[in-house]
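The values are calculated or read from the model by the stated rules, or taken from the named source; none is laboratory data. As the structure is a prediction and not an experimental result, all values here were calculated from the model. Every residue, glycine as well, gets a Cβ built from its backbone with ideal geometry; the counts of neighbours run over all protein chains shown.
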Amino acid sequence: MSFVPGQPVTAVVQRIEIQKLRQGNNLILGFSIGGGIDQDPGQNPFSEDKTDKGIYVTRITPGGPADVAGLMMGDKIMQVNGWDMTMVTHDKARKRLTKKNEDVVRLLVTRKSLEEAVKHSMGTYHKQ
Amino acid sequence: MDNESQYSGYSYKSSHSRSSRKHRDRRDRHRSKSRDSSSRGDKSVTIQTPGEPLLDAESTRGDDRDDNWGETTTVVTGTSEHSISNEDLTRVTKDLEESTPLECKRFVGPALGGCLSFFALVTPLAFLILPQVLWRDALEPCGTPCEGLYVSLAFKLLVLLISSWALFLRPPRATLPRFFVFRCLLMVLVFLFVASYWLFYGVRVLEPREKDYRGIVEYAASLVDALLFIQYLALVLLEVRHLQPAFCLKVVRSTDGASRFYNVGHLSIQRAAVWVLDRYYSDFPVYNPALLNLPKSILSKKMTGFKVYSLDENTTNNSTGQSRAMIAAAARRRDNSHNEFYYEEAEMDRRIRKRKARLVVAVEEAFTHIKRLHEDEVASSPKHPREVMDPREAAQAIFAPMARAMQKYLRTTRQQAFHSMESILTHLQFCITHNMTPKAFLERYLGPGPTMQYQQQSGRGRQWTLVSEEPVTSALRQGLVFSLRRLDFSLVVTVTPLPFLRLGEEFIDPKSHKFVMRLQSETSV
């Protein structure tokens, strides 16, 4: 998922809708994020390209809302509710995900296995 | 040296057992005594050496003979008939060659320069004295100004004298094949100067018997000034100009590939050659002909290749085609000599390390047998009467236990030609006198030192030949190659200019060094 600066980024994404869970006074989603343009991309264990400064899912609480919705560890979050997440700071990403007045977040996430699946299905199509 | 026949000589001699060596020696002695260093067949020549005790004359022949001076204290007498091998022969002829009669050519240059400078120094005094001697009464009296000039003249002459002594009265280090251009130029200049001054003096002062003495004194002072300036020129041309490095010389020894890189300034080829040789004697490890050859076992396998015998008369076309086919077939055959070389090398390393360990232990133990006697201990004699020895006797006393290990080690590292028993004893005595540890004593034998370490101080000097395609007085420039040849090896020198350096500047504000921690936070949402 490397990008060329100035060129549009293309990726195969999956739409995931997470319902926030109310725990006391907080709305939680049940996962942790890492990454951001102000962070060190070399430490990211999930990215293929070690200069990728996108937001990645680093941990999922088992049984939480994100797990139920189908989010997986290592996913890169491309959009949250229409807002772009490929070029944001870590704090901005956190804020976009934890808006108090939203109950639902619709994420566009991408992962490597999606690419493989598409290629595989296109290949079988071509064989026909 | 003729390697192939040397091998045949070794194999011939080393295959025989010790008992038959006596017969061999007797046989060798009956052969004709000829100082022919290019003897083709058997390489052993009987020669009567003029009093040089050659340590263990057969020590250069093969490894399978027992050592003499390690176990028994043999006294090597001077004038006895030895049979020596080819290496000793070339060594002797080299020494004889270097003890050629004193070359007078060596001293012509300095003598000429000395005469000229003496002449030049005496001239101002002559200018002053001659009028006084010849026509003293007619001279105008010259008071204070003249005395001032006398003082300045005296001091300038003193300075000239001292600086000439410091700069030019040093013994020359080398004789160059061609004229040393700068020195010749300066000598011609001095000669012209002084000659023209004398000419002017003769015509204008001596002839008409000039009365103005002050003018004469000023004239002499101007000559001394001019001489000082010529000396400044000499200093710059001869000593200073070549100090700034401009070229990088790569010096490679042709026999074993030992190489060094040196930076020199602008010099002519012959001066650069002298410069390189100065450093050769102290930088390069000594040339050891015994270390050059691959072990016999490997080379002999290579040499038993295909032999082509052509039996018919018209051999022109057929033989070349045939030999080419033979060579191709030989090349295709599997050649395992590199394998043997590797194992042989590993075995040799192991053997050297083993002998070195034994040597170190033996020397350490030997050194514990003696200790230095301080002056205040002399009085306590009645309890333990100890024999007081001087360094030479002490060295001889502790030499015996280490001698065998030393000789075995020297033979394994093929250094036995460089160290005789006498030299080892002298070195041991030297180390004992200066309170050196065993390790310091062994430093000389554990590695090949520079050639200077093994030189005897002979006043005749070493003969080198400068081989060059360009005239040797031309200046160094890029791509020049010349070589310095001696009897059995040569040094090949390649000249490359040093790169031009473009130095830039970057200013760093000391306050600009700031650091932050690398962020890798993980937030749970």
Can you confirm whether B:Arg241 is modelled with pLDDT under 95, in a helix (DSSP H, G or I), of a type in the set (Lys, Arg) and crowded, with 18+ Cβ neighbours inside 10 Å?
no
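So that you can scan it fast, the table gives a plain yes or no per residue for (1) touching a residue at least 24 places away in the same chain (Cβ under 8 Å); (2) in contact with a Pro (Cβ under 9 Å, 6 or more places away or on another chain):
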site	(1), (2)
B:Phe418	yes, yes
B:Ser423	no, no
B:Asn435	yes, no
B:Pro438	yes, no
B:Pro448	yes, yes
B:Ser468	yes, no
Of the conditions (1) over 17 Å from B:Phe284 (Cβ atoms); (2) exposed (fewer than 13 other Cβ atoms within 10 Å of the Cβ); (3) not basic (Lys, Arg), B:Gly447 fails just one. Which one is it?
(1)
Determine whether the stretch B:272-286 contains at least one residue that is part of a helix (DSSP H, G or I) and loosely packed, with under 14 Cβ neighbours inside 10 Å.
yes
For A:Leu21, only one of the following conditions fails: (1) touching a Gly at 6+ places or on another chain (Cβ under 8 Å); (2) away from chain B (no Cβ under 14 Å). What is its number?
(2)
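Identify, from the list B:Val224, B:Val217, B:Val181, B:Val194, the residue that is of a type in the set (Val, Ile, Thr), within 30 Å of B:Arg462 (Cβ to Cβ) and surrounded by 13 or more Cβ atoms within 10 Å (Cβ to Cβ). Before you say what the answer is, go through the steps one by one.
Values: B:Val224 fails: within 30 Å of B:Arg462 (Cβ to Cβ); B:Val217 fails: within 30 Å of B:Arg462 (Cβ to Cβ); B:Val194 fails: within 30 Å of B:Arg462 (Cβ to Cβ).
Exactly one residue qualifies, and that residue is B:Val181.
Could you list, in sequence order, all residues of the stretch B:413-441 that are outside any loop (DSSP other than H, G, I, E, B) and closer than 25 Å to B:Leu292 by Cβ?
B:Ser423, B:Ile424
Considering only the stretch B:471-517, how many residues are of a type in the set (Val, Ile, Thr), in contact (Cβ under 8 Å) with a residue 40 or more places away in the chain and not in a loop (DSSP other than H, G, I, E, B)?
Kept after step one, since they are of a type in the set (Val, Ile, Thr), are these residues of the stretch B:471-517: B:472-473, B:481, B:492-496, B:508, B:516.
Those still in the list that are in contact (Cβ under 8 Å) with a residue 40 or more places away in the chain too: B:472-473, B:492-496.
Restricting the remaining residues to those that are not in a loop (DSSP other than H, G, I, E, B) gives B:492-496.
Number satisfying all stated conditions: 5.
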Of the conditions (1) at the interface with another protein chain (Cβ under 8 Å from one of its Cβ atoms); (2) without any contact (Cβ under 8 Å) to a residue 12 or more places away in the chain, A:Leu29 satisfies every one except a single condition; which number is it?
(2)
Given the residues B:Met452, B:Met517, which is the only one that is under 26 Å from B:Pro289 (Cβ atoms) and not assigned by the TED database to the domain that holds B:Tyr281?
B:Met452
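Checking the conditions here, which among B:Arg444, B:Arg502 is within 30 Å of B:Gln407 (Cα to Cα) and more than 14 Å from every other protein chain (Cβ to nearest Cβ)? Reasoning before the result, please.
Values: B:Arg502 fails: within 30 Å of B:Gln407 (Cα to Cα).
Step by step, each of B:Arg444, B:Arg502 is checked, and only B:Arg444 is within 30 Å of B:Gln407 (Cα to Cα) and more than 14 Å from every other protein chain (Cβ to nearest Cβ).
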Given A:Arg96, A:Arg15, which one is touching a strand residue (DSSP E or B) at 6+ places or on another chain (Cβ under 8 Å), without any contact (Cβ under 8 Å) to a residue 24 or more places away in the chain and either crowded, with 18+ Cβ neighbours inside 10 Å or away from chain B (no Cβ under 12 Å) (or both)?
A:Arg96
Being facing another protein chain (nearest Cβ under 9 Å) and not in a loop (DSSP other than H, G, I, E, B) narrows A:Gly36, A:Gly42 down to just A:Gly42
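B:Pro471: more than 14 Å from chain A (Cβ to nearest Cβ) and within 46 Å of the chain's Cα centre (by Cα), yes or no? Explain how you work it out, then say what you get.
Details: more than 14 Å from chain A (Cβ to nearest Cβ): yes; within 46 Å of the chain's Cα centre (by Cα): yes.
So B:Pro471 passes the test.
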Can you give me the number of residues within the stretch A:45-56 that are within 12 Å of chain B (Cβ to nearest Cβ) and more than 18 Å from A:Val80 (Cα to Cα)?
2
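Can you name the residue in the stretch A:57-66 that is within 13 Å of chain B (Cβ to nearest Cβ) and not basic (Lys, Arg) and is also surrounded by the fewest Cβ atoms within 10 Å (Cβ to Cβ) among such residues?
A:Thr61
Of B:Arg477, B:Arg462, B:Arg518, B:Arg486, which residue is farther than 30 Å from B:Leu185 by Cα and either away from chain A (no Cβ under 14 Å) or in contact with a Phe, Trp or Tyr (Cβ under 8 Å, 6 or more places away or on another chain) (or both)? I'd like the intermediate steps shown before the answer.
Working: B:Arg477 fails: farther than 30 Å from B:Leu185 by Cα; B:Arg462 fails: farther than 30 Å from B:Leu185 by Cα; B:Arg518 fails: either away from chain A (no Cβ under 14 Å) or in contact with a Phe, Trp or Tyr (Cβ under 8 Å, 6 or more places away or on another chain) (or both).
One residue alone meets the criteria, B:Arg486.
Considering the stretch B:476-511 alone, what residues qualify as being more than 24 Å from the chain's Cα centre (by Cα) and within 30 Å of B:Tyr287 (Cβ to Cβ)? So that I can check it myself, show each step before the final result.
Just the residues of the stretch B:476-511 that are more than 24 Å from the chain's Cα centre (by Cα), to begin with: B:477-479, B:497-511.
Result: B:Arg477, B:Gln478, B:Gly479, B:Pro497, B:Leu498.
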